[in-house]
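Asker: Quick one: this structure, given as C-alpha cells, is what I'll be asking you about.
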Amino acid sequence: MTVIAGTALAIVGCRSVEGIDPANPARGPGSLVGNGEPVSDGDFVGGADAAPAPRDVAPPAGEGYVECDTACQAYCDSLGLENPINRGVCPAMWGAGLASAPIDRPEACRRLYVDMVGRFPNPDEVNTVCNRASWGETVKELLATDEFLLVNQRRWADKLLYNNRSVNLERAYDMDNLVGKAYRGQVGWDLFAAVTAAHPILTRRHDTDGDRADATFKLFMGRPPYASERSDLGRLYAHWTNGYFDHPYIGRVPDAFIRYPCVDDNGDPDPENEGQCTSIKWGHNQLILTPDLRAEGQGEQEGTMWSGHLTADEWAQLQLPGRLLSEETAFWEFAVDEAMEQYFGYDLGTEVPEVRHEMVEYLLNYNGDIRAVHFAIATSIPYLQSTQASNPEAYPWTYGPLKQIEVEPWLDSLKRTTGMRMGQCDHRISHPEDYLEDDEDMGFTVGGWAFALIKESRWVIDDNRELVTDYRNLARTLGGCPANEIGGRFTTISILNTALQEGMMVELCDPGVVGTSDQIDIAALLPTGMSPNTALSDEVAEQIVTRQTRLFLSREPNQEELDEARAAAAACTPAPCDAESFARPVCFAVLSSSEMLFY
C-alpha cells in the first residue's frame with residue numbers, strides 16, 4: 001500500500017484562530033472522527049445471567065488452570081449463559097465443580113461505583129440505581145454517566161502523560177474529547193487506536209521515530225516492540241518532528257510538526273529515499289507526504305509544517321501505524337485484557353484463555369464499541385462476587401476482587417459525604433499556574449483568554465483570583481493528580497500515607513471537639529432530627545453507627561459493629577456523654593478504617 005498526499009493548496013482558514021473557546025480549546029484529529037451515529041446500538045447482552053450451581057463432581061485440589069473434559073463442556077453448554085466472561089470461565093469454575101461466592105447488593109454496588117463512576121455510592125444510589133431489575137440495567141445506567149467518561153479520560157491522561165509544558169494544551173483537550181467519544185461508543189476501538197497513534201499528544205511527547213513506535217506498541221499491544229518491529233514501524237513516523245507553535249493567546253507552546261524526508265528538492269517522492277517512509281513488516285506500506293505552501297516553517301523549523309495545518313485526508317494517512325496494529329489479533333486481545341485487569345486486578349485472560357477468546361468475539365460483534373467490554377465485565381458473575389474466598393490462593397476467579405482505591409475516588413467520596421471544601425484537579429492541564437500570572441515572554445496577561453481557560457476548566461479559582469491547590473497538594477503526596485513530567489501516578493501504602501490520611505480524618509471528624517475550621521457539620525453525623533445534646537444510650541449509639549455506616553460505607557452495620565457501638569457507649573467518658581461526643585470518634589473510626597481504602 002502506498003499513501004501519498006497531494007499538493008492541493010486547500011489551506012483556506014487554516015491559520016484562523018478566531019473564536020477559540022477557552023472552555024473547550026480542543027484542536028486536533030480527534031475532532032474529525034466520531035461525529036455521527038454510535039458504532040453499536042449499546043444493547044449489550046449478558047447482564048442477567050444467574051450464578052449456576054457447580055457441576056456435581058469433586059472440585060480440583062490443585063492450583064491454576066483447570067482442564068475441561070467433554071462432560072464439563074456439555075454442562076457449561078447447557079447453562080445458556082450469555083455473558084462472555086461467564087461462558088469463558090465456566091469450564092474452569094462451575095464445570096469443574098467450583099462454586100462462585102455470593103455477594104450482597106450493597107457490596108456489589110460499592111465496587112461498581114468505584115470502578116465505573118470513580119467514587120463510593122451514596123445510600124440513595126444503593127437503593128435506586130443498584131436496585132434495578134438486573135445488573136445489566138444498573139451497569140447501562142452507569143455507562144451513560146459523565147463520571148464514567150471522566151474515570152476513563154483520567155486513565156488515558158495517565159497513560160499519555162498529559163503535560164502542558166511538553167505538549168500544546170489544545171492537543172490534550174482534543175485527545176480527551178476523543179477518549180470521551182470512544183467511551184460513548186461514537187468511535188470504534190480500532191479507529192481510536194489509529195487516531196491516537198498519530199495524535200500530537202503522543203508524537204510530541206517522544207523524541208525519535210523509534211520512541212513513537214515503542215509508545216504505540218506499549219499502548220495498544222501491551223508490550224514493547226521487538227527491535228525489528230520498532231525500526232520498521234518507526235519508518236511510518238518519519239514525518240514527525242518536535243517544535244514550537246506561536247499560539248495566539250498564550251504565546252509559544254510545544255507542538256508537533258511535519259517534515260518531508262522522502263521527497264526530492266522539487267517536493268516529489270524520491271525513489272532513493274522512499275525506504276525511510278516504508279514499512280514491510282505488515283505488508284508493503286508506504287507513507288509519503290509532499291510539501292506545499294503550508295510547509296514554510298520558521299527559523300530552525302524551516303521546511304516543516306505545523307501539524308495544525310494538516311487536512312483531514314492527511315491526518316487519515318498519518319494514522320497508518322495504528323491501523324496496521326489494529327489488524328492484529330493481539331491488538332484486540334490486549335484491549336480486553338487491559339479492561340479486565342482494570343476491574344479484576346489480575347490477568348484473567350491469561351489465567352483462563354477461554355475468557356479472552358469470548359471477550360474478543362463479543363467486542364468485535366459490537367463493532368469495537370469498548371463500552372461492550374466494560375458492560376460484560378461489570379455484569380459478570382466472577383466480578384460480582386464476594387471477596388470472601390474459601391480457597392483464595394488457588395482460583396482467583398472464584399471470589400471477587402479486593403483493590404486499593406485510587407486517590408481521586410477517595411477524596412471525591414470524602415467531599416461528597418462530608419461536605420469538606422476542597423478544590424479539584426484537571427488532568428488536561430497539569431500546570432494551571434502557568435496561565436495565572438502575567439508573562440511578557442509568553443505573551444499573555446491575567447484576565448485574558450489564558451485566565452478564562454483555567455476559570456472554565458475543572459481547576460478552582462477563589463475570589464482572590466488565586467488557584468485553589470489543597471486538593472492537588474494532598475493528592476500528589478498520595479500519588480494522584482500527577483504532573484506527568486516524566487512518570488505518572490504511583491500507588492503505595494506507607495506510614496506517610498496513613499499519617500496523612502488519619503490527620504485529615506482528625507480535622508474532619510475532630511474527635512476531641514476542638515473546633516477545627518474544617519470540622520464536619522455534626523448534623524451530617526447524626527440521624528435526621530437528633531440533637532447533638534441527646535443523652536447517649538445504647539439505642540442512640542446504634543442509631544449513630546447505623547447512620548454513619550450507611551453514609552460512608554454504603555451499607556448496613558453488621559451485628560458485631562452494633563455490639564461494639566453499645567460497648568463503646570457504656571465506656572464513654574466523661575459520663576454522661578451526649579450524641580456529639582460519641583458521633584465524632586465514630587466518624588474518625590469509620591473514615592480511617594481499611595474499608596475506606598479498599599473495596
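Asker: Using the Cα centre as the reference, give the magnitude of the dipole from point charges on the C-beta atoms of the chain (Lys, Arg: +1; Asp, Glu: -1; all else neutral), rounded to the nearest 20 debye.
Answerer: Computed charge dipole of the chain: roughly 440 debye.
Asker: Same structure again: Label Tyr346 and Glu466 with points 7 Å out from Cα along Cα→Cβ: what is the distance between them in nm?
Answerer: Once both label points are built, they end up 5.0 nm from each other.
Asker: I need two numbers for segment 407-478: Rg to one decimal and Dmax as a whole number, Cα atoms only, in Å.
Answerer: 13.5, 44
Asker: Moving to a separate point now. For q = 0.10 Å⁻¹, what log10 I(q)/I(0) does segment 147-320 give under the Debye formula with an equal point scatterer on each alpha carbon and no solvent?
Answerer: Debye curve over Cα of segment 147-320, log10 I(q)/I(0) at q = 0.10 Å⁻¹: -0.39.
Asker: May I ask which of Lys281/Lys403; Lys181/Lys455; Lys140/Lys281; Lys140/Lys455; Lys218/Lys455 have a Cα-Cα span longer than 31 Å here?
Answerer: With Cα atoms farther than 31 Å apart: Lys281/Lys403; Lys140/Lys281; Lys140/Lys455; Lys218/Lys455.
Asker: Another question, if that's okay. Just to be sure I understand the model, the point goes 7 Å from the Cα along the line to the Cβ. What's the resulting Ser594 to Asp578 distance in nm?
Answerer: The two pseudo-label positions are separated by 3.7 nm.
Asker: Rank Cys72, Tyr435, Met221 by how far each Cα sits towards the positive end of the charge dipole of the chain (+1 on Lys, Arg Cβ; -1 on Asp, Glu Cβ) and give me just the farthest.
Answerer: Of the options given, the answer is Cys72.
Asker: Of Ile381, Asn163, Trp449, which is farthest on the positive side of the dipole of the chain, counting Cα position, with +1 on Lys and Arg Cβ, -1 on Asp and Glu Cβ, and the Cα centre as origin?
Answerer: Ile381
Asker: Assuming R0 = 60 Å, what is the FRET efficiency of Glu37 and Ser228, from their Cβ-Cβ distance, to the nearest 0.05?
Answerer: The value I calculate is 0.90.
Asker: Please arrange Leu112, Leu219, Leu402, Leu178 by counting, for each residue, the other beta carbons lying within 10 Å of its beta carbon, fewest first.
Answerer: Going from sparsest to densest Cβ surroundings: Leu402, Leu219, Leu112, Leu178.
Asker: Still on this model: Determine the gain in length on full extension of the stretch Asp21-Ala389; use 0.36 nm per residue of separation and subtract their C-alpha separation, reporting nm with one decimal.
Answerer: Here the answer is 127.2 nm.
Asker: Quick one: angle between helix 407-418 and the longest Cα principal axis of the chain, in degrees between 0 and 90, rounded to 10, please.
Answerer: Roughly 50 degrees between the two axes.
Asker: If we count every other residue with Cβ under 14 angstrom of Leu169's Cβ, Lys/Arg +1 and Asp/Glu -1, where does the sum land?
Answerer: -1
Asker: Between Leu293 and Arg416, what is the FRET efficiency for a Förster distance of 51 Å, r being their Cβ-Cβ separation, to the nearest 0.05?
Answerer: 0.40
Asker: How far, in nm, would the chain grow between Asn558 and Asp518 when pulled straight, counting 0.36 nm per residue and subtracting the alpha carbon separation?
Answerer: Extra length available between Asn558 and Asp518 comes to 11.4 nm.
Asker: Please give the helix 538-553 orientation as an angle from the longest Cα principal axis of the chain, in degrees from 0 to 90, rounded to the nearest 10.
Answerer: 10 degrees
Asker: Right, next: Tell me, rounded to the nearest percent, the portion of alpha carbon pairs in segment 203-306 spaced more than 17 Å apart.
Answerer: Of all Cα-Cα distances in segment 203-306, 58 percent exceed 17 Å.
Asker: If you don't mind, there's one more thing I want to ask. Would you list Ser78, Ser430, Ser386, Ser166 from fewest to most Cβ contacts within 10 Å?
Answerer: Ser78, Ser386, Ser166, Ser430
Asker: Nothing charged except the Cβ atoms of Lys and Arg (+1) and of Asp and Glu (-1): what's the magnitude of the dipole of segment 26-139 about its Cα centre? Round to the nearest 20 debye.
Answerer: 380 debye
Asker: Out of Gln286, Gly234, Gly188, whose Cα points farthest toward the positive end of the dipole of segment 147-320 (charges: +1 Lys, Arg; -1 Asp, Glu; placed on Cβ)?
Answerer: Selected residue: Gly188.
Asker: I would also like to ask the following. So if R0 is 25 Å, what FRET efficiency would Asp207 and Glu433 give, r being the distance between their Cβ atoms, rounded to the nearest 0.05?
Answerer: 0.40
Asker: Of Asp538, Asp176, Asp265, how do they rank once you tally other Cβ atoms within 10 Å and put the fewest first?
Answerer: Asp265, Asp538, Asp176
Asker: Using the Cα gyration tensor of the chain, with a ≥ b ≥ c the square roots of its eigenvalues, what is the shape: rounded (a/c below 1.5), prolate (a/b larger than b/c) or oblate (neither)?
Answerer: Judged from the Cα gyration tensor, the chain comes out oblate (a/c at least 1.5, b/c at or above a/b).
Asker: If you don't mind, there's one more thing I want to ask. Return the whole-Å distance between the Cα centroid of segment 231-308 and the Cα centroid of segment 557-599.
Answerer: Each part's Cα centre sits 65 Å from the other's.
Asker: Let me ask something else. So the label point goes 7 Å from the Cα of Asn273 along Cα→C-beta, right? Which residues of segment 242-263 then have their backbone N under 15 Å from it?
Answerer: Backbone N within reach: 258-263.
Asker: Counting Lys and Arg as +1 and Asp and Glu as -1, each charge on the Cβ, what is the dipole of segment 72-143 about the Cα centre in debye, to the nearest 20?
Answerer: I would put it at about 100 debye.
Asker: A further question on this structure: Post the alpha-carbon centroid distance, segment 312-331 to segment 158-209, in whole angstrom.
Answerer: 14 Å
Bear in mind that the values in this text are calculations on the coordinates, not laboratory data. If you're wondering where the values come from, they're calculated on a predicted model, not measured in any experiment. Every residue, glycine as well, gets a Cβ built from its backbone with ideal geometry; the counts of neighbours run over all protein chains shown.
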